[in-house]
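The block underneath contains the structure these notes are about, expressed in structure tokens.
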Amino acid sequence: MLAAARFLWNATRGHRLAPWRSEYLKWRVETYSGMKAETLGFREIYGFMWEQKWELLRFLHWINKMDAETRRNSRA
């Protein structure tokens, strides 16, 4: 889960205590859902995260798999 934690840490850079203000996260939510980034606030971001929690968990699991594969290939 280190890769997932690293992704979340990097995605909220500059807004770690208020991640709903992160322009990167707003852009990612807008790209995925079609919701306008300018209108996204705390409620919208966390509502989106709650509705999409299984997809987000699958994404974080995929990040871990890709990180492990990258480390395995770099050792070879």
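A short reminder: the numbers here are calculations on the coordinates, not readings from a lab. These numbers come from a predicted model, not from an experiment. Because the Cβ atoms are built from the backbone with ideal geometry, glycine has one as well, and the counts that use them run over all protein chains shown.
Show which lysines lie in cross-link reach of residue 36 when reach means a straight Cα distance below 17 angstrom and same-chain residues fewer than eight apart are skipped.
Output for residue 36: 26.
Tell me which lysines have Cα within less than 23 Å of residue 65's Cα, excluding those fewer than 8 residues away on the same chain?
53
Please check: in the Gaussian network model of the chain (C-alpha springs, under 10 Å), which one of 35, 66, 49 has the largest mean-square fluctuation.
Comparing 35, 66, 49 in the GNM, the peak value goes to 66.
What trypsin sites (Lys or Arg not before Pro) does the chain have in DSSP loop regions with at most 14 other beta carbons within 10 Å?
Taking the chain and a limit of 14 other Cβ atoms within 10 Å, the loop trypsin sites (Lys or Arg not before Pro) found are 13, 16, 36.
Please report the net charge: other residues with Cβ closer than 15 Å to the Cβ of residue 68, K and R +1, D and E -1.
Residues close to residue 68 contribute a combined charge of +3.
What 222 nm value per residue comes from the helices of the chain, counting each DSSP H run with n ≥ 4 as -39,500 (n - 2.57) and dividing by all residues, nearest 500 deg cm²/dmol?
Dividing the helical sum by the residues of the chain leaves -22500 deg cm²/dmol.
For residue 27 and residue 69, FRET efficiency with R0 = 25 Å and r from the beta-carbon atoms, rounded to 0.05?
With R0 = 25 Å, the Cβ-Cβ based efficiency is 0.45.
Classify the chain as rounded, prolate or oblate, taking a ≥ b ≥ c as the square roots of the eigenvalues of its Cα gyration tensor: rounded when a/c is under 1.5, otherwise prolate if a/b is larger than b/c and oblate if not. Don't skip to the end; give the middle numbers.
Details: a/c = 2.57, a/b = 1.95, b/c = 1.32.
It comes out prolate by the Cα gyration axes.
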